[in-house]
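Reviewing the structure listed below.
The values are calculated or read from the model by the stated rules, or taken from the named source; none is laboratory data. Everything numeric in this text was worked out from a predicted model, so none of it was measured. With ideal geometry, Cβ positions are generated from the backbone for all residues, glycine too; neighbour counts draw on all protein chains shown. Note: areas computed on protein heavy atoms with side chains; ligands, DNA, RNA excluded. Shrake-Rupley method; radii C 1.70, N 1.55, O 1.52, S 1.80 Å.
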Amino acid sequence: MKRKVDEFHVIAAAYLSGQQKNQEEIARDLEISQSLVSRLVRRAKDSGILEVKTKFVSERVSAEELARVKARLSTSPNQQILSRVDTLAPGGRLPTLHIYPCHSRNTSIATWRHRIRAFSDDSASDLLKVLGSASVVGVAWGEMVASAVNAVQRTLAEGRGLRRTKRDFIPLMGEPLGRPITQHSSSVLAAKLAEAFDPKLEPGSTLSLAPVPALIPADMTKAEIRAIRNLIGKIAAYRRIYGTDKNRVREDGDSAPLIDRVDAILTSISTQDRPLGFGDDRLIQAAGFQTERLNDLVIGDLCGVMIPRPHLDSKSKSEIELIMTHWTGVRVEHLEACANHAKHGKPGVIVLAIGANKAPVVYEALRKGLIQHLFMDEDLADRLGEICEASPRNV
């Protein structure tokens, strides 16, 4: 027989609950069932005689976990950045910002590498979720992308990532001149991601741009550049990724190169002083370009696409266009096409970046709508927020 709930028991249960007793203890004190105590406490809350105050016990979580939560929930930089981007491109799709603790703001080489590793580990699960809706993923190069790929591999191996489904991973950049093929190259990283998502994938089955130079040397004439590009166009992997003559159907009958189907691009972004870098400026030097002049013309690069400095004259713009004729990788129209895929639920351009020194380049890329997912640390977010807050609204 169900026992009648009277006012005495409601008040008594509320009183004992206020004394921090749990439902089992209240049931014993009032000599009633625990299920009845649950109903009494609910009625006491509804009537207003019992208020429950929730307290977060920070001592029960690690400092690292708490720092990550605080970084992800930080709204001040988010609001400043998103508000500014919305002002620059009203009505457009706002980027998604993913912010993680920087652990340190030290920029020494040893600390920087530790920061990259910690950032990659913190963001791996979220990065996998973003990649979940992608079909064809273009992969850039560099230490940051390599660290993210390694973290994704570890996460998938531990069974903490999304369900493995078929995706195509393709390299977007050839090899840097004057540098040996490394674990940071675009082709190597695309292959590692493909194998992480499909452990049964046969080695060597992914496309490679290892025979392709990322930059054609600066001292080549226009005729020589055309000849080299014709030669590169004969490389099967490059032809499959970038095509050749868009008006001519390829030999395999598929007229659309893979770059036209890329709906996610995984890349880092340069600092102001090292556009088109591969960790340093040896690529630029080996190609025969002047780093100082390049810095005068561009604020940085995103996936090899140079971002011009504002208010350049026509001569300077033409100089940038000439330099880009030597680049064999992604072009701005490819980034824009990938960004458009985000309107249909795809990831678009995913940028991984840490450090305040990248904020000016990130800001310009956001201004141009070239970033759909920005994974960054607090150091970069804080500086980016400051730039957004200080920048004139009529730019």
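Residues that are under 24 Å from residue 243 (Cβ atoms) and of a type in the set (Ser, Thr, Tyr) were ranked within the range 168-219; the one that is modelled with the lowest pLDDT is 205. If you go through the range 133-146 and pick out every residue that is open to solvent by 30 Å² or more (accessible area, probe 1.4 Å) and either part of a helix (DSSP H, G or I) or of a type in the set (D, E, K, R) (or both), you end up with 1. Filtering the range 211-246 to residues that are more than 21 Å from residue 322 (Cα to Cα), open to solvent by less than 60 Å² (accessible area, probe 1.4 Å), assigned to a helix (DSSP H, G or I) and touching a residue at least 24 places away in the same chain (Cβ under 8 Å) leaves 237, 238, 241. Scan the range 336-387 for residues that are of a type in the set (D, E, K, R), open to solvent by less than 30 Å² (accessible area, probe 1.4 Å) and under 18 Å from residue 144 (Cα atoms) and the total you get is 3. In the range 291-329, the residue that is surrounded by the most Cβ atoms within 10 Å (Cβ to Cβ) out of those that are at negative phi, in contact (Cβ under 8 Å) with a residue 24 or more places away in the chain and part of a strand (DSSP E or B) is 302. The single condition from (1) of a type in the set (A, V, I, L, M); (2) open to solvent by less than 60 Å² (accessible area, probe 1.4 Å); (3) within 20 Å of the chain's Cα centre (by Cα); (4) modelled with pLDDT under 75 that residue 73 fails is (2). Could you grab the pairs with beta carbons closer than 7 Å, sequence gap of 6+ or different chains, first residue in the range 255-270 and within 18 Å of residue 352 (Cβ to Cβ), second one of a type in the set (S, T, N, Q) and open to solvent by 10 Å² or more (accessible area, probe 1.4 Å)? Qualifying pairs under 7 Å: 263/135. Filter the range 98-132 for residues that are within 14 Å of the chain's Cα centre (by Cα), open to solvent by 30 Å² or more (accessible area, probe 1.4 Å) and hydroxyl-bearing (Ser, Thr, Tyr) and give the result. Listed by number, the list holds a single entry, 125.
Number of residues in the range 19-64 that are at pLDDT 85 or above, outside any loop (DSSP other than H, G, I, E, B) and open to solvent by less than 100 Å² (accessible area, probe 1.4 Å) equals 16.
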